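*Asks:* First the structure, which I've put down as structure tokens, then a few questions once you've had a look.
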Amino acid sequence: MQDLVNLFVKSIFVENMVFAYFLGMCSFLAVSKSVKTATGLGIAVIFVLVVTLPVNYLIYKYVLTAGALAWLDPSFADLDLNFLSFIIFIAVVASIVQLVEMIVEKFSPSLYNSLGIFLPLIAVNCAILGGSLFMQERGYETLGQATTYALGSGIGWALAIVSLAAIREKLKYSNIPAPLRGLGITFIVVGLMGIAFMSFMGIKL
Amino acid sequence: MDKKIFIEPIFLKNPITVLVLGICSALAVTTKLEPAIVMALSVTIVTGFSSFIISLIRNTIPNRIRIIVQLVVVAMLVILVDQILQAYAYEVSKQLSVFVGLIITNCIIMGRIEAYALGNKPIPSLVDGLANGFGYGLILVALAFVRELFGSGTLYGIQVIPLSWYSVNGGFYENNGFMILPPAALILVGLIIWIQRSFTKELIEK
């Protein structure tokens, strides 16, 4: 239990998807103009990460990794399908996003209207695929660990985009040199936020 | 052929500093020149050929499932690049870690397919893809040059700042450790955008 809490806190603050690995930057910069839309996208990312990462974990563990297919037939014991992981992971992400979109549309039209436009965007958000690839590279051992990591990194991403959106709303009233306005100052602000997040480094529970 | 297809993505419509596409991987791999150059090459190749292939089959893809078809084509090319890197440049492929896989979701590739390859002939699409990859690579190499020079005092792994300058050897110089940290990349991109926009007024945002 303790290592799960540790992993959770670590994936939110220390190994923040945005500030430590720059994942999901494109939508992070494009959709952070107002707090309201940023919150919507943040929630959508948490949701999709928590759904896709455990699915990808199970596929990785029981189909893709070296010798994983041994449960099917002992002669598959030395089969290694790792090279297929990119295409399988992205196919899972794209189809789950499609599925989630249809389910949300059917059962909660109001949520669909607020998330609707972001859901297709999320299929190509690097944070989602990145989560699955990190899960594979770091070799998380249990389903619990994979899910905790998904939840933590999703919350970390949402936290980052909401706080950037809040800063950008205030930035509108500042007198910034003309060539730096918009994109330029946003990059610098994200850099400064990154420095702030580095103070969490080395924290262990 | 129109020269504009090739020139524009490099400066006026640079994917990173103007269109804000493909930032995700651009920042993480630029602490050293070598991985940055490998990454730039891989992205250029994948962007060029995925645009080319999608453009070849653009009239047969059903509109509703086009995103998945595009992802499959891109993922296939990325798997090829990844396998080649693991075979011939294992060290670099380890340094790039998950970022090779993340080329699949690099927004430049999907962006160029959606915006250009779906409506144009294969050869211009190939040129457009390669040019965008090149514009991306240019920023990557510029960033990596600054970060490696000031962060480690080396270029492409070769010591450029004389060892006798360092304060451990009785000199006056210290490497700037901040340069190899993640936030430095973001601030440097901000500065590059600032410089570019000071020279091209039409890019300034209101």
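*Asks:* Restricting to the range B:1-59, and then to whatever is closer than 18 Å to B:Leu186 by Cα and of a type in the set (Val, Ile, Thr), can you tell me which residue is nearest to the other protein chains (Cβ to nearest Cβ)?
*Replies:* B:Ile23
*Asks:* Shifting gears a bit: Applying the selection to the range B:69-102, what residues are within 10 Å of chain A (Cβ to nearest Cβ) and not in a helix (DSSP H, G or I)?
*Replies:* Hit for the range B:69-102 is B:Val100, nothing else.
*Asks:* Here's something else I'd like to know. Give me a count of the residues in the range B:49-68 that are among the polar types (S, T, N, Q) and buried (at least 20 other Cβ atoms within 10 Å of the Cβ).
*Replies:* Within the range B:49-68, the first condition is being among the polar types (S, T, N, Q), and the residues that meet it are B:50-51, B:55, B:59-60, B:63.
Those left that are additionally buried (at least 20 other Cβ atoms within 10 Å of the Cβ): B:50-51, B:55.
Of the residues in that region, 3 qualify.
*Asks:* Would you point out which residue out of B:Gly151, B:Gly190, B:Gly177 is under 16 Å from B:Cys24 (Cα atoms) and not hydrophobic (A, V, I, L, M, F, W, C)?
*Replies:* The conditions single out B:Gly190.
Table: residues versus (1) in contact with a Cys (Cβ under 8 Å, 6 or more places away or on another chain); (2) more than 11 Å from chain A (Cβ to nearest Cβ); (3) within 29 Å of B:Leu12 (Cα to Cα).
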{"position": "B:Leu149", "(1), (2), (3)": "no, yes, yes"}
{"position": "B:Gln159", "(1), (2), (3)": "no, yes, no"}
{"position": "B:Gly170", "(1), (2), (3)": "no, yes, no"}
{"position": "B:Gly177", "(1), (2), (3)": "no, yes, no"}
{"position": "B:Val189", "(1), (2), (3)": "no, no, yes"}
{"position": "B:Ile192", "(1), (2), (3)": "no, no, yes"}
{"position": "B:Thr200", "(1), (2), (3)": "no, no, yes"}
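*Asks:* Does A:Ser32 meet the test of being at negative phi, within 15 Å of the chain's Cα centre (by Cα), in contact (Cβ under 8 Å) with a residue 60 or more places away in the chain and crowded, with 20+ Cβ neighbours inside 10 Å?
*Replies:* On the way: at negative phi: yes; within 15 Å of the chain's Cα centre (by Cα): no; in contact (Cβ under 8 Å) with a residue 60 or more places away in the chain: yes; crowded, with 20+ Cβ neighbours inside 10 Å: yes.
Here the answer is no, as A:Ser32 does not meet what is asked.
*Asks:* Scan the range A:12-26 residue by residue and report those that are more than 7 Å from chain B (Cβ to nearest Cβ) and surrounded by fewer than 24 Cβ atoms within 10 Å (Cβ to Cβ).
*Replies:* If we filter the range A:12-26 for residues that are more than 7 Å from chain B (Cβ to nearest Cβ), which is where we start, we get A:12-18.
Hits for the range A:12-26 are A:Ile12, A:Phe13, A:Val14, A:Glu15.
*Asks:* Can I ask one more? Does at least one position in the range A:65-79 carry a residue that is open to solvent by 70 Å² or more (accessible area, probe 1.4 Å), in contact (Cβ under 8 Å) with a residue 12 or more places away in the chain and assigned to a helix (DSSP H, G or I)?
*Replies:* No: the range A:65-79 contains no residue that is open to solvent by 70 Å² or more (accessible area, probe 1.4 Å), in contact (Cβ under 8 Å) with a residue 12 or more places away in the chain and assigned to a helix (DSSP H, G or I).
*Asks:* Shifting gears a bit: If you check every pair at least six apart or on different chains, which have Cβ atoms under 6 Å apart with a residue in the range A:177-204 that is facing chain B (nearest Cβ under 7 Å) and over 17 Å from B:Ile180 (Cβ atoms) first and a residue that is among the polar types (S, T, N, Q) and surrounded by fewer than 19 Cβ atoms within 10 Å (Cβ to Cβ) second?
*Replies:* Within 6 Å, the pairs are A:Pro179/B:Ser198.
*Asks:* Give, as residue ranges, the helices (runs of 4 or more DSSP H) completely inside the range A:103-205 that count at least 3 residues that are closer than 17 Å to B:Gly190 by Cβ. Outline the logic, then answer.
*Replies:* On the way: elements: A:109-115, A:118-123, A:126-138, A:143-171, A:183-198.
By residue number, A:143-171, A:183-198.
*Asks:* Let me ask something else. Taking the range B:180-195, which residues are more than 17 Å from the chain's Cα centre (by Cα) and touching a residue at least 40 places away in the same chain (Cβ under 8 Å)?
*Replies:* Passing the criteria: only B:Ile180.
*Asks:* Name the residue that is nearest to B:Ala26 (Cα to Cα), counting only residues in the range B:188-206 that are buried (at least 18 other Cβ atoms within 10 Å of the Cβ) and among the β-branched types (Val, Ile, Thr).
*Replies:* B:Val189
*Asks:* Separate question: Search the range A:141-166 for residues being open to solvent by 10 Å² or more (accessible area, probe 1.4 Å) and among the polar types (S, T, N, Q), and hand back the single one that is farthest from A:Ser34 (Cα to Cα).
*Replies:* A:Thr142
*Asks:* Of all residues in the range B:114-145, which are among the small types (Gly, Ala, Ser), open to solvent by 50 Å² or more (accessible area, probe 1.4 Å) and in contact (Cβ under 8 Å) with a residue 60 or more places away in the chain?
*Replies:* B:Gly119 - this is the single residue of the range B:114-145 that is among the small types (Gly, Ala, Ser), open to solvent by 50 Å² or more (accessible area, probe 1.4 Å) and in contact (Cβ under 8 Å) with a residue 60 or more places away in the chain.
*Asks:* Could you tell me which residue of the range A:167-184 is most open to solvent (accessible area, probe 1.4 Å), considering only residues that are of a type in the set (A, V, I, L, M, F, W, C) and closer than 16 Å to A:Ser34 by Cα?
*Replies:* Looking at the filtered set, the residue picked out is A:Ile167.
*Asks:* Among the numbered criteria (1) more than 11 Å from chain A (Cβ to nearest Cβ); (2) closer than 23 Å to A:Gln136 by Cβ, which single criterion is violated by B:Arg66?
*Replies:* Going through (1) more than 11 Å from chain A (Cβ to nearest Cβ); (2) closer than 23 Å to A:Gln136 by Cβ one by one, B:Arg66 breaks only (2).
The values are calculated or read from the model by the stated rules, or taken from the named source; none is laboratory data. Everything numeric here is computed off the predicted structure, so don't read it as measured data. Please note: Cβ atoms are built from the backbone with ideal geometry, for glycine as well, and neighbour counts cover all protein chains shown. We work out accessible area using only protein heavy atoms, side chains counted, and drop any ligands, DNA or RNA first. Shrake-Rupley method; radii C 1.70, N 1.55, O 1.52, S 1.80 Å.
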